[in-house]
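Trainee: Structure incoming, see below.
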Amino acid sequence: MTKELRKTFMDRSRIINRYRKWPSRTNFLNMKICKKHCKKLCKKTKKKFFQEATENGTVTNKTFWELVKPFISNKGNYSSGTISIKENEKIIDDEREVVDLFNNHYVNIVENTSGITHESSNIMKPPPHLEKFNLPKAQVSEINELLMSLNTKKATGPDSIPPKIVKLSANVIDAHLCNIINMSIETSSFPDDAKLASVVPIYKKKCRQKMENYRPVSILNCFSKIFERFIHNSITPFVENLLSESVSAYRKSYNSSHVLIKLIENWEN
């Protein structure tokens, strides 16, 4: 969004509002001219944007889709408008009822989609000679580094504290947060407030009145993110040593190419 484009949109809104108030011939023609100018300027701005983004001649797959996706689909876009859900041949648009429907749908998602009742069970049995893992205590420098790595563009969680404020106050709160994390490790407990999340239904595809066409996105508190990231960084090296080289799913610096290369090497040998 350029400064010129933003000003043109504001002028268009002003002219449209004027026409709605006083629907004269002159105001109608001015509105048509302004809309035409906006459309032309949008096209020109998009063209310039893509030219500047690809001027070095090298675009990765990730960069390509980041550039193109907003222009070809509204999938995943969050709308602040009211969501209407069709349930038992009835359209429900009351906010509280819609929230309850989504909550019930997501809580029972396994049973709703597969028809199988999910029961938590300990299906992973550790090897008999598995080395014992002890979670290390957090250091202030580690917590400070995690605080400084927060993405300030992320949405605010249930605590209503923006990530930018947390990042700016990193040098003030790092020691206190470190003490809280270490206390949690010693007592083997996770703070109840850190378990809270704002769950937002994001539209995926097809009919907007069907709950199965929305996916849940959980917006967490900044402090729970720091806690979880510390646990992740501490436990990952230990788990990596236990995994086979043939396992590439959900592992950093691994992908399907490694599996294919391993298969080819085995076939050749």
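Trainee: Can you give me the long-range amide H partners of residue 159? Hydrogens built in the peptide plane at 1.01 Å from N, cutoff under 5 Å, separation of 5 or more residues or another chain.
Mentor: When sequence neighbours closer than 5 places are left aside, there are no close amide H contacts.
Trainee: So, one more: Can you find, among 253, 88, 148, the residue farthest towards the positive end of the dipole of the chain? Put +1 on the C-beta of Lys and Arg, -1 on that of Asp and Glu.
Mentor: Sorting the options by dipole projection puts first 88.
Trainee: Please find the FRET efficiency linking residue 35 to residue 161, where r is the Cβ-Cβ separation and R0 is fixed at 30 Å, and quote it to the nearest 0.05. Mind showing how you got there, number by number?
Mentor: Numbers: r = 41 Å, r/R0 = 1.38.
Efficiency, from the Cβ-Cβ distance: 0.15.
Trainee: Quick one: net charge around residue 194, please, counting Lys, Arg +1 and Asp, Glu -1 for every other residue with C-beta under 14 Å from its C-beta. Present the calculation step by step, with values, prior to reporting the outcome.
Mentor: Details: positive: 195, 225, 229; negative: 159, 192, 193, 228.
Local charge sum for residue 194: -1.
Trainee: Let me ask you something else. Here are some values of volume of the Cα convex hull per residue in Å³: (1) 271; (2) 146; (3) 126. Which one was computed from this structure?
Mentor: Correct label, based on the coordinates given: (1).
Trainee: Roughly how many whole Å is it from the C-alpha centroid of the range 16-53 to that of the range 128-198?
Mentor: The range 16-53 and the range 128-198 have Cα centres separated by 48 Å.
Trainee: Now, a different point. Evaluate the charge dipole of the range 3-72 about its Cα centre and quote only its size in Debye, nearest 20, assuming +1 on the Cβ of each Lys and Arg and -1 on the Cβ of each Asp and Glu.
Mentor: Values: 21 positive and 5 negative charges, 125 e Å.
Charge dipole of the range 3-72: 600 debye, to the nearest 20.
Trainee: May I pose another question? Do you know the relative contact order of the range 169-266, to the nearest whole percent, from alpha carbon pairs under 8 angstrom that are 6+ apart? Intermediate values should be presented prior to the final figure.
Mentor: Working: 55 pairs, mean separation 15.7, N = 98.
Reported relative contact order: 16 percent.
Trainee: Taking the dipole about the Cα centre of the chain, with the C-beta of Lys and Arg at +1 and of Asp and Glu at -1, give me whichever of 45, 171, 242 is farthest to the positive side.
Mentor: Of the listed residues, the answer is 45.
Trainee: Restricting to DSSP H runs of at least four residues, report the calculated mean residue ellipticity at 222 nm for the chain, -39500 (n - 2.57) per run over all residues, nearest 500 deg cm²/dmol.
Mentor: Working: 10 runs with 144 residues, N = 269.
-17500 deg cm²/dmol, from helical runs alone.
Trainee: Got the relative contact order for the range 3-72 handy, in percent, Cα pairs under 8 Å and 6 or more residues apart? Provide the component values of the computation, followed by the final result.
Mentor: Working: 21 pairs, mean separation 21.4, N = 70.
Relative CO of the range 3-72 lands at 31 percent.
Trainee: Would you tally the net charge around residue 155, using a Cβ to Cβ cut-off of less than 15 Å, leaving residue 155 out, and scoring K and R as +1, D and E as -1? Intermediate results must be reported in sequence, preceding the final value.
Mentor: Values: positive: 153, 154, 164, 167, 225; negative: 159.
For residues surrounding residue 155, the net value is +4.
Trainee: Okay, moving on. Determine the relative contact order of the chain: mean sequence separation of Cα pairs under 8 Å and six or more apart, normalised by residue count, in whole percent. Before the final figure, lay out each step's value.
Mentor: Working: 198 pairs, mean separation 40.3, N = 269.
It comes to 15 percent, rounded to a whole number.
Trainee: OK, next. Which shape class, rounded, prolate or oblate, goes with the range 3-72 when its Cα gyration tensor gives a ≥ b ≥ c as root eigenvalues, a/c under 1.5 marks rounded, and past that a/b bigger than b/c marks prolate? Each step should come with its number before you reach the end.
Mentor: Details: a/c = 4.03, a/b = 3.27, b/c = 1.23.
It comes out prolate by the Cα gyration axes.
Trainee: Helix by helix, which DSSP H runs in the chain go 15 Å or more along their axis at the Cα atoms and have an average Kyte-Doolittle hydropathy of -1.0 or more? Walk me through the intermediate numbers first.
Mentor: Numbers: long enough: 3-21 (27 Å, -1.58); 25-53 (42 Å, -1.05); 61-72 (16 Å, 0.01); 95-107 (18 Å, -0.56); 170-187 (26 Å, 0.66); 222-240 (26 Å, 0.28); 256-268 (18 Å, 0.05).
TM-like helix candidates: 61-72, 95-107, 170-187, 222-240, 256-268.
Laboratory data are not the source of any read-out in this text; all were calculated from the coordinates shown. This is a predicted model, so every value here is computed, not measured. With ideal geometry, Cβ positions are generated from the backbone for all residues, glycine too; neighbour counts draw on all protein chains shown.
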